[in-house]
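Trainee: Please see the structure below; I have some questions.
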Ligand SMILES: [Zn+2]
Ligand SMILES: [Zn+2]
């Protein structure tokens, strides 16, 4: 299959979903985009082959616009999401970002991300978000914090699960450079999926290897020995 209407339809749907779609919704979305009105399931609607190939075809096309789609694991829920993001900062993307966000959204996002990363469980309550934003030098009004937070949650920069706010997958890819620069201690690249992790587990023998907890679980469920993928020393379970 060559790049065509199906791919264009998919891109439109992804953008309408604020650039983030859960992997477990992909089959359904793929079928809708492939077929138009017809609801027959295409044979290649598979998460391991057909869909990655389809995404690769789109990536080849949108590369020239500095855009890309990739599969990212959410550190809050362990779910995987396809995220459309800006592959390279340039004037155009800065302009787009500036138009999408007001000053409040920017400040609130930075403040909340800092609170989340410095918290012990990688999440903060909505009340903490409001309090931290109220303490900023340019004090944002509570109503404006709520409004900005609403936008950030709706656009997948942050996610809310059971009254707690976590960093969303969109931030993990779009703000990767900011997160790595800002949180040198917590940020690392997962040895298994090569993506950014802020809440990853470090090798107990301190060889420097860091992995997502979900990546580690999958890896150990398939390997014979539970040893570090870097230094080969034992890596016991540490489920807490
Ligand atoms: Zn990983
Ligand atoms: Zn190690």
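Trainee: Out of all the residues in the stretch 183-197, which are touching a helix residue (DSSP H, G or I) at 6+ places or on another chain (Cβ under 6 Å) and either part of a strand (DSSP E or B) or more than 16 Å from ligand 2 (Cβ to nearest atom) (or both)?
Mentor: If we filter the stretch 183-197 for residues that are touching a helix residue (DSSP H, G or I) at 6+ places or on another chain (Cβ under 6 Å), which is where we start, we get 183, 186-187, 190, 192-193, 196.
Of everything in the stretch 183-197, those that are touching a helix residue (DSSP H, G or I) at 6+ places or on another chain (Cβ under 6 Å) and either part of a strand (DSSP E or B) or more than 16 Å from ligand 2 (Cβ to nearest atom) (or both) turn out to be 183, 186, 187, 193, 196.
Trainee: Does residue 210 count as more than 15 Å from residue 79 (Cα to Cα) and either away from ligand 2 (no atom under 16 Å from the Cβ) or surrounded by fewer than 15 Cβ atoms within 10 Å (Cβ to Cβ) (or both)? Walk me through it before giving the result.
Mentor: On the way: more than 15 Å from residue 79 (Cα to Cα): yes; either away from ligand 2 (no atom under 16 Å from the Cβ) or surrounded by fewer than 15 Cβ atoms within 10 Å (Cβ to Cβ) (or both): no.
No, not satisfied.
Trainee: Hey, residue 166 hits all of (1) assigned to a strand (DSSP E or B); (2) surrounded by fewer than 11 Cβ atoms within 10 Å (Cβ to Cβ) but one; which does it fall short on?
Mentor: (2)
Trainee: Further question on the same structure: With the structure loaded, tell me whether residue 173 is touching a strand residue (DSSP E or B) at 6+ places or on another chain (Cβ under 7 Å) and either within 28 Å of residue 71 (Cβ to Cβ) or in contact (Cβ under 8 Å) with a residue 24 or more places away in the chain (or both) or whether it fails that test. Outline the logic, then answer.
Mentor: On the way: touching a strand residue (DSSP E or B) at 6+ places or on another chain (Cβ under 7 Å): yes; either within 28 Å of residue 71 (Cβ to Cβ) or in contact (Cβ under 8 Å) with a residue 24 or more places away in the chain (or both): yes.
When the stated conditions are applied, residue 173 passes them.
Trainee: Continuing with this model, one more query. Can you work out which of the residues in the stretch 183-198 that are under 14 Å from residue 113 (Cα atoms) and touching a strand residue (DSSP E or B) at 6+ places or on another chain (Cβ under 9 Å) is nearest to ligand 1 (Cβ to nearest atom)?
Mentor: 197
Trainee: Of all the residues that make up the stretch 58-88, how many are in contact with a helix residue (DSSP H, G or I) (Cβ under 7 Å, 6 or more places away or on another chain) and buried (at least 17 other Cβ atoms within 10 Å of the Cβ)?
Mentor: 14
Trainee: Consider residue 230 against the criteria (1) within 16 Å of ligand 2 (Cβ to nearest atom); (2) touching a strand residue (DSSP E or B) at 6+ places or on another chain (Cβ under 9 Å); (3) modelled with pLDDT of 90 or more: it satisfies all of them except one. Which criterion is unmet?
Mentor: For residue 230, the exception is condition (2).
Trainee: Out of the residues in the stretch 215-240 that are surrounded by fewer than 19 Cβ atoms within 10 Å (Cβ to Cβ) and within 12 Å of ligand 1 (Cβ to nearest atom), state the one that is farthest from residue 172 (Cα to Cα).
Mentor: Among them, the one singled out is 229.
Trainee: Let me confirm something: among 159, 180, which residue is touching a strand residue (DSSP E or B) at 6+ places or on another chain (Cβ under 9 Å), outside any loop (DSSP other than H, G, I, E, B) and surrounded by fewer than 16 Cβ atoms within 10 Å (Cβ to Cβ)?
Mentor: Numbers: 159 fails: surrounded by fewer than 16 Cβ atoms within 10 Å (Cβ to Cβ).
None of the other options fit; the residue is 180.
Trainee: Same structure, new question: Across the stretch 213-227, what is the number of residues that are within 16 Å of ligand 2 (Cβ to nearest atom) and assigned to a loop (DSSP other than H, G, I, E, B)?
Mentor: Kept after step one, since they are within 16 Å of ligand 2 (Cβ to nearest atom), are these residues of the stretch 213-227: 213, 215-216, 219-220, 223, 225-227.
Now restrict to residues that are assigned to a loop (DSSP other than H, G, I, E, B): 223, 225-226.
Qualifying residue count, the stretch 213-227: 3.
Trainee: Shifting gears a bit: In this structure, does residue 42 turn out to be part of a helix (DSSP H, G or I), away from ligand 1 (no atom under 16 Å from the Cβ) and at negative phi?
Mentor: Values: part of a helix (DSSP H, G or I): no; away from ligand 1 (no atom under 16 Å from the Cβ): yes; at negative phi: yes.
Criteria not met by residue 42.
Trainee: Right, next: If I go through the stretch 45-85 residue by residue, how many of them are touching a strand residue (DSSP E or B) at 6+ places or on another chain (Cβ under 8 Å) and within 17 Å of residue 173 (Cα to Cα)?
Mentor: Count: 22.
The values are calculated or read from the model by the stated rules, or taken from the named source; none is laboratory data. Every value quoted in this text rests on a predicted model; they were computed, and no experiment measured them. All Cβ positions, even for glycine, are placed from backbone atoms using ideal geometry, and neighbour counts span all protein chains on display.
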